Amino acid sequence: MRNINKYGLKKYCMILLVSLFWWISAGSYGAEAQDEKVSADTLNVMFVLDTSYSMNQTDKERISIEMLKLFTDISYLSHTRIGFVAFNDSIESFQPLTELTTNQGKEVFKKSFDSIARAGRTDTGLGLKKAWELISNQGFAGRACLVLLTDGEIDINLDNSQRSPADATKDIEFVIKEAAARNIPIYTVAMGRTGVNRDLLEDISRRTGGASYIADIPQDLIEVFNNIFAANFKSSIVPVASVTATGEIQEIQIKLPDIHAAEANIMFLSSSALKETQVYYGSNNIGFQNTQHYSSVKITNPKQQDVKILFKGIPQDVIKVNMLVHYDLKGQIQVEGQPQKGQGTVFKAWLIESKTGQPIADKNLYDTFSAMFILKNLDTGETIKLPAQAGENGWQGQYEFQKTGKYSVSVQADNRFFSTGSTALEFSVSDGTVMEKVAICLLIVSIVAMIFYREKRAKPRFVGKINGYYLRLHDPEEEVPPFSVLLSDFRTKKKTSLFEMLKKVHADQGLVEAEDIWFMPGVDKTLILSHNSVCTILIGQNVLCKNQNYVLHYGDKIYVTFPEYGEEIELHYKNAKPSQKPDD
């Protein structure tokens with residue numbers, strides 16, 4: 001049991017704060033370059049906070065400060081970096097992008113907001129340029145955006161400053177061009193309507209792909225942020241209860257989502273302070289945070305069970321409870337066979353765990369989604385939406401193409417908490433009648449080639465080499481150097497396992513599942529790969545099914561993910577140097 005004492009929750013302020021968090025996390029995409037230490041899934045948010053004296057009037061309850069704290073509390077810690085710049089007519093304080101990997105680090109980071117004071121005038125260009133410098137110095141890995149919160153336009157005292165309005169405008173223009181070039185949006189939120197240069201704020205957001213909003217009070221932003229959710233969200237704030245307080249202890253029960261969720265955040269909204277709140281849940285994976293304007297409960301790796309909440313509020317006060325769920329899943333897609341005009345083509349899609357690559361087999365989960373295959377004719381631009389049917393291992397759909405040409409397919413799936421999809425997979429649709437003739441010709445050629453092969457050529461032997469790299473290990477502190485296996489060392493064998501290869505170069509790491517991944521020599525310097533393991537094996541964007549042979553050529557890449565601890569290996573099939581080749 002956890003006891004949570006509430007202090008003056010502001011219903012509309014809470015909705016504003018939570019909404020802005022999910023607007024950013026869903027609609028912000030970073031630049032192309034990637035920092036090797038930062039995941040491509042990481043969300044980087046740099047807040048640019050106006051702390052001029054006038055904010056004491058337009059933001060009396062320091063809602064802008066509370067927004068930064070709430071963002072920190074309900075962030076998915078392993079996927080978020082947050083920084084801020086506090087400015088007026090100078091830089092008052094700043095914090096570079098910070099990885100929020102522990103609760104202790106999160107609390108230290110939040111305390112840095114409390115010392116922010118409000119004084120001076122407004123130099124927006126100075127604040128934006130400092131924020132851009134911080135992002136630039138730390139690299140452009142993952143998704144990124146800037147959020148500018150201000151109540152006024154450029155206001156510089158020329159008698160006491162070395163800068164001028166022209167300097168501020170020049171810096172703003174510089175940041176706009178740099179952010180637009182790297183696809184990093186800047187969102188602007190104006191606190192109040194008087195003294196605001198709306199044209200400037202709208203120009204900043206429009207030119208960088210962001211959005212601009214203005215509000216006298218937080219209530220004005222409710223509809224705006226809800227509209228943004230509908231267009232951009234990946235996770236959604238879901239209302240789960242609305243109760244009128246009686247002044248006595250009351251009880252509600254909330255059903256947590258499926259077992260595949262990574263985190264569940266429960267937030268309490270009330271126009272007046274709750275006197276008491278108690279949360280009953282059958283696990284210790286729970287934490288809570290309280291401030292003057294919000295409270296939140298975070299449950300990690302939630303079980304699919306009910307949470308009981310007891311509370312006591314002021315009579316007739318409406319208490320709203322909302323839930324926000326984080327998932328760590330992503331979509332994969334596959335095209336069955338060779339698509340032909342006039343014949344049904346089957347498409348399959350499924351979810352995998354982002355960390356381990358393990359496919360999800362759970363019809364109950366897939367049934368909660370509304371899924372759609374998005375087919376696009378790359379020659380004409382025509383788009384076709386194909387409903388997907390849920391099954392135990394994912395979604396499936398079938399379509400009969402009436403035109404040949406190049407196409408792409410992706411999947412989009414949405415449920416009440418989460419929205420996901422896959423990258424587009426390109427393929428070609430051929431003419432079936434032509435393919436039949438080609439197939440006959442190929443059959444004849446194959447028979448002749450087989451006869452020639454048996455009569456004139458020796459049996460295939462292993463050639464080339466396998467270069468390998470461990471992309472992920474069970475122990476993050478452990479390092480395994482790149483390795484190279486000469487396949488000629490197995491030339492007397494008909495087949496060899498991946499485990500045998502790894503053991504030969506002392507890189508097996510105890511991965512016994514590799515014993516069920518086999519390599520066999522093929523003709524013309526090819527290598528045949530098959531497996532009967534529980535591992536996930538990708539060749540390009542294609543998943544290698546069990547007991548299916550795949551012919552590898554020089555230059556092919558193979559990715560193997562081991563399910564128990566999520567180890568991942570990247571393998572390259574390469575030609576061996578002349579000095580490495582054995583004598584015949």
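The values are calculated or read from the model by the stated rules, or taken from the named source; none is laboratory data. Here the structure is a predicted model, which is why all the values come from computation and not from measurement. We place every Cβ from the backbone using ideal geometry, glycine too, and count neighbours over all the protein chains shown. These area figures cover heavy atoms from the full protein model, side chains too; ligands, DNA and RNA do not enter into them. Shrake-Rupley method; radii C 1.70, N 1.55, O 1.52, S 1.80 Å.
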- request: Quick one: check the C-alpha center-to-center distance for region 497-525 versus region 262-284, whole angstrom.
  value: 51 Å
statement: Subtracting the Cα-Cα distance of Glu107 and Gln402 from 0.36 nm times their residue separation yields 100.3 nm
- request: At 0.36 nm per residue, minus the direct Cα-Cα distance, what do Lys355 and Asp306 gain on full extension? Give it in nm, one decimal, please.
  value: 14.9 nm
- prompt: List the lysines whose alpha-carbon lies under 30 Å from that of Lys170, not counting same-chain residues fewer than 8 positions away?
  reply: Lys129, Lys130
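Give, in nm to one decimal, the length gained when the segment between Val505 and Lys330 is fully stretched (0.36 nm per residue of separation minus the Cα-Cα distance). Mind dumping the intermediate values first?
Details: separation 175, 0.36 × 175 = 63.00 nm, distance 3.37 nm.
Difference between extended and current length: 59.6 nm.
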- request: Evaluate 2.2 N^0.38 Å with N set to the residue count of region 487-584, then give the Cα radius of gyration divided by it.
  value: 1.07
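How big is the dipole moment of region 337-386 about its Cα centre under a simple scheme where the beta carbon of each Lys and Arg is +1, that of each Asp and Glu is -1, and everything else is neutral? Debye, nearest 20, please.
My answer is approximately 80 debye.
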message: For Asn575, project a label point 7 Å along Cα to C-beta. Then give me every residue of region 533-554 with its amide nitrogen under 16 Å of that point.
response: 553-554
message: Could you check the spin-label model distance between Arg491 and Asn547? Points 7 Å from the Cα along Cα→Cβ, value in nm.
response: 3.4 nm
- request: Provide Asp59, Asp167 ordered by accessible surface of protein heavy atoms (probe 1.4 Å), highest first.
  value: Asp167, Asp59
- prompt: If ligands, DNA and RNA are left out, what is the accessible area of Trp518 with a 1.4 Å probe, given in Å² to the nearest 10?
  reply: 80 Å²
